[in-house]
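Student: Have a look at the structure that comes next, please.
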Protein chains: 2
Amino acid sequence: MAKHAGSVFSVDVAGLESEPGQPAYARICERIRAAIVSGALAPNARLPSGRTLAQDLGVARNTVDWALDQLVADGYIVRRRGAGSFVAAQLPERDAPPLTPARAAAPAVDASPRRLSRRAQALRAYPGHYSGASAIAFTPSLPPIDPFPRAVWNRLVQREAAKPGGEYWEYGASNGLPALRSAIAAHASAMRAVRCSPEQVLVVTSTQQAVELAAKVLADPGETAWCETPGYQPVQHCLRAAGVDVVAVPVDESGLNVHAGQALAADARLAYVTPAHQYPLGVEMSIERRKALLAWARERDGYVLEDDYDGDYRYQGRPIASLQGMDDHGRVIYIGSFNKILFPGLRIAYAIVPEALIAAFVDAKHAADGHTALLMQGALAAFIHEGHLGRHLRKTRAIYDERRIAFLDEAAALADLLEFGPAIAGMHVTALFQRELAGRLDDRAVADACARAGVVVHPLSKYGACERAGLVFGFAGATRADARAGLAIVRRAILASIAPDAAD
Amino acid sequence: MAKHAGSVFSVDVAGLESEPGQPAYARICERIRAAIVSGALAPNARLPSGRTLAQDLGVARNTVDWALDQLVADGYIVRRRGAGSFVAAQLPERDAPPLTPARAAAPAVDASPRRLSRRAQALRAYPGHYSGASAIAFTPSLPPIDPFPRAVWNRLVQREAAKPGGEYWEYGASNGLPALRSAIAAHASAMRAVRCSPEQVLVVTSTQQAVELAAKVLADPGETAWCETPGYQPVQHCLRAAGVDVVAVPVDESGLNVHAGQALAADARLAYVTPAHQYPLGVEMSIERRKALLAWARERDGYVLEDDYDGDYRYQGRPIASLQGMDDHGRVIYIGSFNKILFPGLRIAYAIVPEALIAAFVDAKHAADGHTALLMQGALAAFIHEGHLGRHLRKTRAIYDERRIAFLDEAAALADLLEFGPAIAGMHVTALFQRELAGRLDDRAVADACARAGVVVHPLSKYGACERAGLVFGFAGATRADARAGLAIVRRAILASIAPDAAD
């Protein structure tokens, strides 16, 4: 293979196909990553086109495309529609090992590398799952399970299971149990100002499944979806797994920047947003932005995926109604989940879809897994109809509010290090490193140091490019004593990360 | 728009964009379908290329592609790799209304037609779900729920739910509960000669989900999968929803025709097969075909999806071991389901994956829905470990065998009309119309007439192109009395369909 001049990637190109055991795309990927990390390629620098790179490197265009896809997935490169690929402004810090990688251990035998699909490679590039299952304190997406009325729930499960007939035992309707759909429609209408009939409710297993069904129904492979950046990564994985390209759209203090989305990809099919309480920054989408987003969807035949993951929790100020309730043109798919407000092991969530799309969503759910498991749907319908959901929400709202206040009290001691964002809703709060420290801190290293000391906190950079690095704290699971102890550990971890020589 | 000569489709081309309310692709689709149904395009006739059609019709190439995709999905057209598109040898009878369409009723308002993705259009083209929920007798995929030990199951659910700790309440591992994975590995090893460790087991919700995860991990949009034809349609929908192209590979008395598959698409990424008991024809894949299939996968970097949906039921002859157990190169993904052998409302199935692919499958499951619901996994693990699964299989094997014999006894009275296929395994038997009658019978019309008389039987043409039309009978749910009464109705329906004038 010839060596080409004029490219920062051309070093050692001759070795690209001679190293055994690692595919060519992975080596190209590593080469470009190294150029970025070393500074040979500066932030915001424009990359040569895929075709040029392929010529320069003397490899197939596909190989280069795979490498670029992985670098986009890893956050080193961003694509701008019609403009090309650029080095990201803020680089991810993938070199930090994940805290508790959820991946299976490397198998002992038969572990020869396999050719995975490009989308599977993008999924594999996900930098580990920061699981809080066995750790204390600040896991953002883990509701505390103590307040959940297990005895009530188990009694309902037992009662429903004992019912004669085949309702919970034979095949069920793909859209869900009628009793549960009507309970969900009533809850979402009353609590979140969603406008819907029970016919519009589709019972699914998870927010991810709702997003994936929407992607399949509304977008074809290669079409695009706007995603909030920073934003909830699992949804981006769903979209990529469905073959949809993710366009990272920045978030500011008014939520998703709709103009930026239009500039990046006006022809996107989908826009995924968390308007009531942006994840992870915690901001609320302004009324102007909501209107602009709905106008974009209406004019460009796009759809909005509204993930209202913690809209039931708001502690001060006026309640924020759903975006779906503002939509007069059937352009919003509203998504809610019981996995977060009841307990994660349940696996029941829902989508509320425009009437014109019901049949297509039901067909897609039928193809995906037939229907959601039935007995738990029955128990959940009873739980809602008999008032237990309302009681549980009132109870947990009071508990979380108390914990939120305690957390903010204790967090005041870290004000020299962290700038805390909005904390009037939901179950988490995000803090940026103070501006003068941000350049000297790596949030993944800090999170890693915290984990070693027994405290789970998520690095903000895990959620994609952001103006400054920072940390995401779940406060709903921490008592005041937990918060105090945990925040003291976080403080030490930050200080040690700024000046590692002094730490040991 | 100009009118082009020399094409059977060119009639009324000028009207293609003038009819409001229906997209151009749908009109083209209807035009071609009409030409096929009317005989203007004969069976097996080769169609002009997409490019030529687009030029002839004066529309965009995309529009023609969409129309052709839908006609392929509908069964009017088959694609042969490298050779082009052809009118199907045996046409589907879509004009017959589905027996019990599971789709939501057409919404009353906001029902303006929406642009769906191409894959969603393919799903919508599925000719209805023949649901047996409220009907008697011969629904093929519905196990009888009476033999299931509900009291035992409910006691286990109750016991597991009462356990302290968060195991069933917090987030779970994406690959499944360890206790369930080890129970599944032990069961599949002992009963189906699968060679695996618990680490290779991935707990999913359904066979469809297992297939979809495999498609995402191993194939990219536009890559292909072999599917048995006739074959299990829901799996084909999963594959299409994942953006994978389905190649229809014929089945004969030795199972999937591997040579035909290689001729059609040697570079397929996946081959979906039911080797122990082909669905719906009931044949067993021969040892030569098994070897050829594994050799193809090894040589062409393909993977075999082995759906062992009813391998636990075999009534005579030697037991058929799994294909997975013959594979020395990590080329088989073995799929089993408890939804059929326990009860469909459960929604727990599993994939057993080669070690080198475990991590990628777990990532894909994580992206799809996090993990499968936990409490029922715990109850199922206990059910297996405590011997209830083995007892249930022994009990149902005896019941189904008795029903099988009774069904075949009663079916002898229909030997002048139907030629019954193999019936030594599983829960269903397929019968072709006797050769001299086949041309005069429409299996969907017969199934429809049966349904109106209260008997569910599936038309063979629902499963794709087949040499002759016929009917698929589930025998496991029918007592001898049911079988006699049901088969008498089927007999009348067939006779009435042959000579409708004499029927009323």
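Student: Give me a single rounded figure for A:214-220: the average over its residues of other chain Cβ atoms within 10 Å of their Cβ. Each step should come with its number before you reach the end.
Tutor: Details: counts 0, 3, 10, 9, 5, 5, 9.
Partner Cβ neighbours, averaged per residue: 6.
Student: On to the next question. If we hang a label 7 Å off Cα along the beta carbon direction at residue A:62, how far is it from the matching labels on the other copies, in nm, shortest first?
Tutor: Distances between equivalent label points, in nm: 2.5.
Student: Per-residue mean of other chain beta-carbon atoms within 10 angstrom of the beta-carbon, peptide B:164-175?
Tutor: Counting other chains' Cβ atoms within 10 Å and averaging over B:164-175 gives 6.
Student: Whole-Hz Karplus ³J(HN,Hα) for the range A:409-418, in order, using 6.51 cos²θ - 1.76 cosθ + 1.60 and θ = phi - 60°, x for Gly and Pro?
Tutor: 4, 5, 5, 4, 5, 9, 5, 6, 10, 10
Student: When ligands, DNA and RNA are left out and all protein chains stay put, how many square angstrom of accessible area per residue does the range B:284-341 have with a 1.4 Å probe?
Tutor: Working: 2060 Å² over 58 residues.
Ligands and nucleic acids excluded, the result is 35 Å² per residue.
Student: Please work out how much length the chain gains when fully extended from residue A:301 to residue A:114, using 0.36 nm per residue of separation minus the C-alpha to C-alpha distance, in nm with one decimal.
Tutor: 63.4 nm
Student: Turning to a different aspect of this structure: Long-range amide H contacts for residue A:475: which residues qualify at under 5 Å (H placed 1.01 Å from N, peptide plane, sequence gap of 5 or more or a different chain)?
Tutor: Here A:428, A:429 satisfy the definition.
Student: Please report, for residue B:46, the nm distances (one decimal) from its label point, 7 Å out from Cα along the beta-carbon direction, to the equivalent points in the remaining copies, shortest first.
Tutor: 4.7
Student: Right, here's the next one. What shape does the range A:218-276 take by its C-alpha gyration tensor, where a ≥ b ≥ c are the square roots of the eigenvalues and a/c under 1.5 counts as rounded, a/b above b/c as prolate, and the rest as oblate?
Tutor: Taking the square roots of the gyration eigenvalues as a ≥ b ≥ c, the range A:218-276 is oblate.
Student: Taking amide H positions as placed 1.01 Å from N in the peptide plane, with prolines and chain starts having none, which residues 5 or more places from residue A:223, or on another chain, fall under 5 Å of its amide H?
Tutor: Under 5 Å from the amide H of residue A:223 lie the amide H atoms of A:245, each far enough along the sequence or on another chain.
Student: List the residues, sorted by chain then number, that are 5 or more residues from residue A:470 or on another chain and whose placed amide H is less than 5 Å from its amide H.
Tutor: A:433, A:443, A:460, A:461
Student: Could you sort B:163, B:216 by their accessible area in this structure, using a 1.4 Å probe and putting the largest first?
Tutor: Per-residue accessible area, sorted high to low, gives B:163, B:216.
Student: Further question on the same structure: If the only charges are +1 at each Lys and Arg Cβ and -1 at each Asp and Glu Cβ, what is the size of the charge dipole of the range A:148-380 around the Cα centre, to the nearest 20 debye?
Tutor: 720 debye
Student: How far, in whole Å, is the closest Cβ of chain B from the axis that maps B onto A, and which residue does it belong to?
Tutor: B:221, 2
Student: State which entries of B:216/B:395; A:340/B:216; A:395/B:365 exceed 31 angstrom in Cα-Cα distance in the structure shown.
Tutor: B:216/B:395; A:395/B:365
Student: At a 10 angstrom cut-off on C-beta neighbours, averaged per residue, how do the peptides B:334-344, B:235-245 rank from highest to lowest? Display every interim value, and only then the final one.
Tutor: Working: B:334-344: 23.8, B:235-245: 26.1.
The densest-packed peptide leads the list: B:235-245, B:334-344.
Student: In terms of solvent-accessible area of protein heavy atoms at a 1.4 angstrom probe, what is the ranking of B:388, B:329, highest value first? Numbers along the way, then the final one.
Tutor: Numbers: B:388 30, B:329 90 Å².
Most to least solvent-accessible, the answer reads B:329, B:388.
Student: Could you work out, residue by residue across A:191-198, how many beta carbons of other chains sit within 10 Å of that residue's beta carbon, and then give the average as an integer? Present the calculation step by step, with values, prior to reporting the outcome.
Tutor: Details: counts 0, 0, 0, 0, 0, 0, 3, 0.
Per residue, the average neighbour count from other chains is 0.
Student: Quick check of the Kirkwood formula: for the range B:391-498, what is the inverse mean of 1/r over all pairs of different Cα atoms, in Å?
Tutor: Radius from the Kirkwood sum: 14.0 Å.
Student: A further question on this structure: Remind me, what semi-axes does the range B:148-380 give for its equivalent ellipsoid, largest first in whole Å, using sqrt of 5 times each Cα gyration tensor eigenvalue?
Tutor: Working: eigenvalues 184, 78, 46 Å².
Values for the range B:148-380, descending: 30, 20, 15 Å.
Student: Can you return the aspartates and glutamates within cross-link range of residue B:163? Criterion is Cα-Cα under 16 Å, with same-chain partners fewer than 8 residues away left out.
Tutor: A:146
Student: Using a 1.4 Å probe and ignoring any ligands, DNA or RNA, find the accessible area of residue B:296 and quote it in Å² to the nearest 10.
Tutor: 0 Å²
Student: Please find the FRET efficiency linking residue B:435 to residue A:65, where r is the Cβ-Cβ separation and R0 is fixed at 56 Å, and quote it to the nearest 0.05.
Tutor: About 0.60, to the nearest 0.05.
Student: Given label points at 7 Å from Cα along Cα→Cβ, what nm distances, shortest first, separate residue A:83 from the same residue in every other copy?
Tutor: From this label point to the equivalent ones elsewhere in the assembly: 5.0 nm.
Student: Quick one: what are the phi-derived ³J(HN,Hα) couplings along the range A:442-449, Karplus 6.51/-1.76/1.60 with θ = phi - 60°, whole Hz, x for glycine and proline?
Tutor: Per residue, the Karplus-derived 3J(HN,Hα) values read 10, 5, 5, 5, 5, 4, 5, 4 Hz.
Student: Right, here's the next one. Put A:416, A:482 in order of accessible area, largest first, 1.4 Å probe: what do you get?
Tutor: Order by accessible area, largest first: A:416, A:482.
The values are calculated or read from the model by the stated rules, or taken from the named source; none is laboratory data. Note that the structure is predicted; figures quoted are calculated from it, not measured. No Cβ is skipped: glycine too gets one built from the backbone with ideal geometry, and neighbour counts run over all protein chains shown. To get the accessible areas, we keep the full protein, side chains included, count just its heavy atoms, and leave off ligands, DNA and RNA. Shrake-Rupley method; radii C 1.70, N 1.55, O 1.52, S 1.80 Å.
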